[in-house]
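Below is one structure; the comments refer to it alone.
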Amino acid sequence: MESRDLIFSIVMVASAFVLTFRWIDQYGMGDAVVILSAMVLVGALAAMILSVNVRLKSIEDQIDSKERSLRVNIQSVEEGVERRLNMMVNRVNETMEDLSRRAYR
């Protein structure tokens, strides 16, 4: 987890605390349980967002590694096909030369 994610989480919890405190104080129902529950709710939301972020980063890393391996496999297949194609072209050229020599005799 990066430090900016931690800072954003702290800011979310602090802002929820201030907003809830002001909102409840404005209506004259200053109950500490409501303020605490709002802080826990926002903290849980922040943790959930960070968890999703970590999971997405993990999935992204897996996709990148699979993409690299797929790229290497495609490259090796391409080299193999090119090598076989070159062998086939050489064989056809040799056969054409043999046929043209026979035709001139």
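The values are calculated or read from the model by the stated rules, or taken from the named source; none is laboratory data. Treat the numbers as computed from the prediction; the structure is a model and nothing was measured. No Cβ is skipped: glycine too gets one built from the backbone with ideal geometry, and neighbour counts run over all protein chains shown.
With the condition kept exactly as written, say whether any residue in region 30-47 is out of contact with any helix residue (DSSP H, G or I) (no Cβ under 9 Å at 6 or more places or on another chain), exposed (fewer than 10 other Cβ atoms within 10 Å of the Cβ) and not basic (Lys, Arg). Taking every residue of region 30-47 in turn, at least one turns out to be out of contact with any helix residue (DSSP H, G or I) (no Cβ under 9 Å at 6 or more places or on another chain), exposed (fewer than 10 other Cβ atoms within 10 Å of the Cβ) and not basic (Lys, Arg).
Go through region 83-105 and count every residue that is hydroxyl-bearing (Ser, Thr, Tyr) and at pLDDT 90 or above.
Residues that pass the stated criteria total 1.
When both residues are 6+ apart or on different chains and their Cβ atoms are under 9 Å apart, which pairs have a first residue that lies in region 74-85 and is without any contact (Cβ under 8 Å) to a residue 24 or more places away in the chain, and a second that is part of a helix (DSSP H, G or I)? That search, which allows pairs on different chains as well, returns nothing. Selection of region 1-59 for residues being among the hydroxyl-bearing types (Ser, Thr, Tyr) and in a helix (DSSP H, G or I) yields Ser3, Ser9, Ser15, Thr20, Ser37, Ser51, Ser58. Scanning region 38-92 for residues that are among the basic types (Lys, Arg) and within 29 Å of the chain's Cα centre (by Cα) yields a total of 5.
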